[in-house]
1. Restricting attention to the stretch 26-83, which residues are of a type in the set (D, E) and farther than 25 Å from K13 by Cβ?
2. Among the listed residues A220, A240, A229, A251, which satisfies the condition of being modelled with pLDDT of 95 or more and within 23 Å of the chain's Cα centre (by Cα)?
3. Just for the stretch 27-82: of the residues that are among the aliphatic types (A, V, I, L, M), open to solvent by less than 50 Å² (accessible area, probe 1.4 Å) and part of a strand (DSSP E or B), which one is farthest from L280 (Cα to Cα)?
4. Residues being surrounded by fewer than 15 Cβ atoms within 10 Å (Cβ to Cβ) and not charged (D, E, K, R): count how many of those fall in the stretch 147-168.
5. Is there a residue being over 13 Å from I137 (Cβ atoms), exposed (fewer than 15 other Cβ atoms within 10 Å of the Cβ), among the aliphatic types (A, V, I, L, M) and at pLDDT 90 or above anywhere in the stretch 200-207?
6. Kindly evaluate G174 against the criterion of being in contact with a Gly (Cβ under 6 Å, 6 or more places away or on another chain) and open to solvent by less than 70 Å² (accessible area, probe 1.4 Å).
7. Scanning for something assigned to a helix (DSSP H, G or I), open to solvent by 70 Å² or more (accessible area, probe 1.4 Å) and within 30 Å of G284 (Cβ to Cβ), does the stretch 119-132 turn up at least one residue?
8. So if I check each of Y179, Y143, which one is open to solvent by less than 50 Å² (accessible area, probe 1.4 Å) and under 30 Å from E130 (Cβ atoms)?
Amino acid sequence: LVDRILEFRKLEKLRSTYLAPMPALADADSRIHTTLNNMATATGRLSSSNPNLQNIPIRGEFGRRMRDCFTAGPGNRLVAADYSQIELRVLAHLSGEPALLDAFAHGADIHARTASILFDKPEDAVAPDERRQAKTINFGLLYGMGPQKLSRDLGIKLDAAKAFIARYFERLPGLSAFYEGIVEPAKRDGFVTTLAGRRRLLPDISSANSQLSSQARRQAINTVVQGGAADIIKMAMLAAADDAELAALKAVLVLQIHDELLLETPETAAEQAGARLAGLMTGGISLAVPLEVDWGTGRTWGKAH
């Protein structure tokens, strides 16, 4: 019975959040228009509202089917291009951690490489569960994950989670120094700065309330890394909007979904526009590691990504 209830809740959420309301929002040309907000998030990411097109599912049984509901206009194709592991690449660039720099420079599986460092074994001997644990901690620490959440996410005891985090920073000392290098100036200045020079004020960073100061520490780290990724994709959007080649191909930027850009273009120009967009996304800023973009085209959003 519990499984049936959970299945019902999942399907009802898809119906009530997307399938029922979104067609009613289409205009006379069957187009849905969202509002992209530039000042709504503290890290600098764009957000989407009325409706929110940034939370359309992508994973799971129904993710691609949901995205297949969004189609290009007659005679057109969609081009979807997204950065590969952009936040971890920004982290590698800013921290200078040799293990991360080397992994990205040689196109290695970053989570398998991290797991091999943590578990003292060659990358080809890393088990799927060990890679999953490394992936969880790689991304989790960007968002200020503590041992309590790590223990819940990995299904391990709290002491084991604490030891796991300690080993992570011991084996990747560049990250530990980087995180401390963010927090100390933030305490002194009361703000942090992203790659493009945007500031986020952190008045609670030196608070006597440990809960507030811990939250501000997490915000500081998250803003520098995620905010840097937000800077990069905004620069890519500007480059795409101003690009003469995309304009000549009649390729139009229609949506941004965090690390992904979506173009609509005539069918005959889709491949050329996709290659051009990927070049603009990787060539706009120089980091200590290469930027990578995955892209594809299709009649629907699901087929393009």
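1. So in the stretch 26-83, the residues of a type in the set (D, E) come out as 27, 29, 61, 68, 82.
Across the stretch 26-83, the qualifying residues are D27, D29.
2. Working: A220 fails: modelled with pLDDT of 95 or more; A229 fails: modelled with pLDDT of 95 or more; A251 fails: within 23 Å of the chain's Cα centre (by Cα).
Step by step, each of A220, A240, A229, A251 is checked, and only A240 is modelled with pLDDT of 95 or more and within 23 Å of the chain's Cα centre (by Cα).
3. So the residue we want is L78.
4. Looking only at that region, the number is 6.
5. We begin by selecting, within the stretch 200-207, every residue over 13 Å from I137 (Cβ atoms); these are 200-207.
Next, only the ones that are exposed (fewer than 15 other Cβ atoms within 10 Å of the Cβ) stay: 201, 203, 206-207.
Within this subset, residues satisfying the condition of being among the aliphatic types (A, V, I, L, M) are 201.
Next, from what is left, pick out any that are at pLDDT 90 or above: 201.
So far as the stretch 200-207 goes, yes, one or more of its residues are over 13 Å from I137 (Cβ atoms), exposed (fewer than 15 other Cβ atoms within 10 Å of the Cβ), among the aliphatic types (A, V, I, L, M) and at pLDDT 90 or above.
6. Working: in contact with a Gly (Cβ under 6 Å, 6 or more places away or on another chain): yes; open to solvent by less than 70 Å² (accessible area, probe 1.4 Å): yes.
For G174, the condition - in contact with a Gly (Cβ under 6 Å, 6 or more places away or on another chain) and open to solvent by less than 70 Å² (accessible area, probe 1.4 Å) - is met.
7. No, every residue in the stretch 119-132 fails to be assigned to a helix (DSSP H, G or I), open to solvent by 70 Å² or more (accessible area, probe 1.4 Å) and within 30 Å of G284 (Cβ to Cβ).
8. Numbers: Y143 fails: open to solvent by less than 50 Å² (accessible area, probe 1.4 Å).
The match here is Y179.
The values are calculated or read from the model by the stated rules, or taken from the named source; none is laboratory data. Fair warning: this is a prediction, and the values are worked out from it, not measured in the lab. When we count neighbours, we look across all protein chains shown, and the Cβ atoms used for this are built from the backbone with ideal geometry, even at glycine. Each accessible area value is taken on the protein alone, full model and side chains, heavy atoms only, with ligands, DNA and RNA left out. Shrake-Rupley method; radii C 1.70, N 1.55, O 1.52, S 1.80 Å.
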